[in-house]
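Everything below concerns the one structure shown next.
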Amino acid sequence: MNVFDAAYKTVHEYAGGSESLGPRLEMSPAVLRSKVNPNNATHHLTLAEADELMAITDDHRILQALAAAHGYTLLRTDPVEDDGSLMTSILDFQVASGDISKALNEAVTRGLITKNASKDIAACGANVQKALITMVARAASLASARGKVA
């Protein structure tokens, strides 16, 4: 999906659409509709408006579309909870690493990576990244909480 379609869908699929979002963005619903209309060449969302739109709607398709257009993949990271241990994070990372290895092995064994296999591998890869980020963040939080052990 391109960034213009993402902006359009973000507004039009939100409960209440532009009628609800326009006032929250301090603009008329008609202006907001014009700004997200992919066929309109005269009105455009500013970066600040797109940022606020994503914050209000909790819909990040615009950000994902921008990343994809430039060859990036986004992964949302959740805050690290204080009650988890570093050892649990390490083990979660190892499980995720095993899952991607299994998915790759199954695809290679079949001799063909199908679209579904590719999606499974990508999902496993995202889980590995998330587990790694969590593990690193937990280690950092332990380092800043001096005296706390894993």
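The values are calculated or read from the model by the stated rules, or taken from the named source; none is laboratory data. A quick note: this is a predicted structure, and the numbers were derived from the prediction, not measured. Quick reminder, even Gly has a Cβ in these numbers, built from the backbone with ideal geometry, and neighbours come from all protein chains shown.
Listing for the model above:
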| quantity | calculated |
| --- | --- |
| Residue check for Met54: over 21 Å from the mean Cα position of the chain (by Cα), surrounded by 15 or more Cβ atoms within 10 Å (Cβ to Cβ) and not charged (D, E, K, R) | no |
| Per-region count, segment 13-29, residues in contact (Cβ under 8 Å) with a residue 24 or more places away in the chain and loosely packed, with under 13 Cβ neighbours inside 10 Å | 1 |
| Unique residue being under 30 Å from Ala131 (Cα atoms) and either surrounded by fewer than 12 Cβ atoms within 10 Å (Cβ to Cβ) or assigned by TED's automatic domain parsing to the domain that holds Met135 (or both) when the list is Asn39, Asn105 | Asn105 |
| Residue that is at pLDDT 90 or above and either surrounded by fewer than 17 Cβ atoms within 10 Å (Cβ to Cβ) or β-branched (Val, Ile, Thr) (or both), where the choices are Ala67, Ala96 | Ala67 |
